[in-house]
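Below is one structure, written out as structure tokens, with a few remarks after it.
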């Protein structure tokens, strides 16, 4: 019985550690989604482009750290993402 409880506790600790590490990575991607140190990046916004298309274009150019986590972060942490063509 003690062995089972020890294994269960060890599993819970590993699971908690993995969850904390994943949450820290998720927040770091949300706070700094771009994979560059440049302060200004120019990108053309075409008519009918939405925020998702712009993110995909940035990812295709290798400028995003993680496309999926960036989309999830902005879905659950809404910010002003209104785009104008130009």
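The values are calculated or read from the model by the stated rules, or taken from the named source; none is laboratory data. Since the structure is predicted, the reported quantities are computational estimates derived from the model, not experimental observations. Cβ: placed from backbone, ideal geometry, glycine included. Neighbour counts: every protein chain shown.
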Subject >> Residue match in segment 33-45 (condition: touching a residue at least 24 places away in the same chain (Cβ under 8 Å), farther than 24 Å from residue 77 by Cα and exposed (fewer than 12 other Cβ atoms within 10 Å of the Cβ)) >> reply: yes
Original post:
Residue check, residue 21 against (1) touching a strand residue (DSSP E or B) at 6+ places or on another chain (Cβ under 8 Å); (2) modelled with pLDDT of 90 or more, all met but one. Which one?
Top reply: (1)
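Return a yes/no flag: does segment 4-18 have any residue that is at pLDDT 85 or above, under 17 Å from the mean Cα position of the chain (by Cα) and assigned to a helix (DSSP H, G or I). Break it down into steps so the answer makes sense when it comes.
Our first condition is that a residue be at pLDDT 85 or above; within segment 4-18, this holds for 4-18.
Applying the additional criterion that residues be under 17 Å from the mean Cα position of the chain (by Cα) yields 18.
Okay, now just the ones that are also assigned to a helix (DSSP H, G or I), so 18.
Yes - at least one qualifying residue is present in segment 4-18.
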**OP:** Could you list, in sequence order, all residues of segment 44-83 that are under 16 Å from residue 26 (Cα atoms) and outside any loop (DSSP other than H, G, I, E, B)?
**Re:** 64, 67, 68, 69, 70, 71, 72, 73, 74, 75, 76
